[in-house]
1. Can you run down the residue pairs with Cβ atoms below 9 Å, 6 or more apart or on separate chains, where the first is in region 207-228 and among the basic types (Lys, Arg) and the partner is at pLDDT 95 or above and surrounded by fewer than 21 Cβ atoms within 10 Å (Cβ to Cβ)?
2. Quick check on region 372-406: of everything there that is farther than 18 Å from Asp120 by Cβ and touching a helix residue (DSSP H, G or I) at 6+ places or on another chain (Cβ under 6 Å), which residue is surrounded by the fewest Cβ atoms within 10 Å (Cβ to Cβ)?
3. Does Glu242 fit the bill of being farther than 28 Å from Gly355 by Cβ and in contact with a Phe, Trp or Tyr (Cβ under 9 Å, 6 or more places away or on another chain)?
4. Scan region 174-196 for residues that are crowded, with 23+ Cβ neighbours inside 10 Å, over 21 Å from Ala261 (Cα atoms) and not aromatic (Phe, Trp, Tyr) and report the count.
5. For region 395-408, does any single residue satisfy the condition of being part of a loop (DSSP other than H, G, I, E, B) and either modelled with pLDDT of 95 or more or under 16 Å from Arg330 (Cβ atoms) (or both)?
6. Hey, can you tell me all the residues within region 214-230 that are touching a Leu at 6+ places or on another chain (Cβ under 9 Å) and more than 11 Å from Ala202 (Cβ to Cβ)?
7. Name the residues in region 192-221 that are outside any helix (DSSP H, G or I), over 30 Å from the mean Cα position of the chain (by Cα) and either of a type outside the set (Phe, Trp, Tyr) or outside the structural domain of Pro304 (by TED's automatic domain parsing) (or both), would you?
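The values are calculated or read from the model by the stated rules, or taken from the named source; none is laboratory data. Fair warning: this is a prediction, and the values are worked out from it, not measured in the lab. When we count neighbours, we look across all protein chains shown, and the Cβ atoms used for this are built from the backbone with ideal geometry, even at glycine.
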Amino acid sequence: MNLAKNKKLQILLLALFILIIGFGCNFPNENPNASRDNNEIQTDSTKLFQELLTTAQANILQAAIQTETPFLFSVEAQIQQTTPQPTETIDPNRTPPTLPGTFQTDLLNPRDYPHTYIADTCEFLKNRWTPGKAEPGTVVMTIMYHSIVKGDDSAVTLDNQISSERQKQIALDLYNQGFSAIDMSQFVNFMKYNDYIPSRSALLITDDRHFESYFTDHFLPLYQDYGWKVVNGWISSDSTTEDLWKENERVEAAGYVDHQAHGVVHNENMSDGSTDEYIYSELQGSIDRIQEHFGKIPQAIIWPGGTFGNRPIQIAKELGYKVGFTVNPRGPVMYNWIPLDDENDPARPSYLADGSSDPLFVIPRYWDTDVSTHIDTVRQIGKAAKEQIFANREIELEYYDIVCKSITGEIPGL
């Protein structure tokens, strides 16, 4: 029975197609002096076509109902089926509230004011308030280790060194203040998308090439006790021995050392005065060798010597790097919030002005030599930011509802 109905349906569709071809096309009249009789014939044909079309549509509708076949009976119906309709439109009678300004703090040097990097307000608000993302006020303290020597402070001989005893105390201070260490992938996803990380996070970065024993002595215990990883700013030098490559391949495979790019030559820094050839060789050379030996593509460039420039940053972005780190210890970072200084500071001549650069490529780092004195300050910044952001929650959600929802959709889970 259904086969017969389907056959009838196919015949009706074919008939409708023939009718459309035969009568539905309005060909131009080749003879401008054609008689009124011809016009009447055209009118009669049009009426006949309309009557046949109406009958065919009715028959198709009845056949579709009987065979439970979904058909589109009009252009309007087809548009409704294929064109996504906005779930909401902006109500002209609702005025969006004024959004609060970016969180400010007097706990940092007043010259180091927060710079944002997400241009799309709707994207930013959706990432901020989607449940399961990082909590508002989540703060990351990036710490730079240059050289750790065994023993107590009496073993330290250089200004940029700390003792293993001091390094253990830093870890304990972080832990006691509720911090957890994250790896570079977690950091990048947090900074770009506000993906979840602990509300008090630390990014531990040790620069330069090190033997396996350096990591097992100073960082493996942190991984075993707390699950913390360490990022190694790895110099992909031509002078690296095969044994040193293999030792670092082992600690990478062990899961607690995350190798990222720190250049190739290293003692010749990248800047706007560098040639394109040199910048590419440093950045692409790091990518090639890290991929060869560690089986991954680096996401971060830890700028050698802390020196950077707009051209090196642009080339790094072109090659796929996501973030870059200086040695300017300006403060912690939060989602869409990085403290930078637009000009050189005479009181801090070693700090390069970074405020005119892409904020994601001039992320500040605290020095290990005095980081413990800043841990509580970072905690307080995160706490104050959380309080202010939540105080403005309803304003931001109202703005999103009026301005953003029809464009970027509902905030899932709210």
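1. Filtered contacts from region 207-228: Arg209/Ser237; Arg209/Thr240; Arg209/Leu244.
2. Applying the filter and picking the extreme gives Ser372.
3. Numbers: farther than 28 Å from Gly355 by Cβ: yes; in contact with a Phe, Trp or Tyr (Cβ under 9 Å, 6 or more places away or on another chain): no.
For Glu242, the condition - farther than 28 Å from Gly355 by Cβ and in contact with a Phe, Trp or Tyr (Cβ under 9 Å, 6 or more places away or on another chain) - is not met.
4. The total comes to 2.
5. As a first pass, look at region 395-408 and keep what is part of a loop (DSSP other than H, G, I, E, B): none.
No, because not a single residue in region 395-408 is part of a loop (DSSP other than H, G, I, E, B) and either modelled with pLDDT of 95 or more or under 16 Å from Arg330 (Cβ atoms) (or both).
6. Residue satisfying the conditions is Phe219 alone.
7. Going residue by residue through region 192-221, those that are outside any helix (DSSP H, G or I) are 194-211, 219.
If we keep only those that are over 30 Å from the mean Cα position of the chain (by Cα) too, we end up with 210-211.
Scanning region 192-221 gives a single hit, His210.
Residues are listed down the side, and each one gets a yes or a no for (1) surrounded by 15 or more Cβ atoms within 10 Å (Cβ to Cβ); (2) in contact with a helix residue (DSSP H, G or I) (Cβ under 8 Å, 6 or more places away or on another chain):
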| site | (1), (2) |
| --- | --- |
| Tyr214 | yes, no |
| Leu222 | yes, yes |
| Ser237 | yes, no |
| Thr240 | yes, no |
| Trp245 | yes, yes |
| Ala253 | no, no |
| Tyr256 | yes, yes |
| Gln260 | yes, yes |
| Val264 | yes, yes |
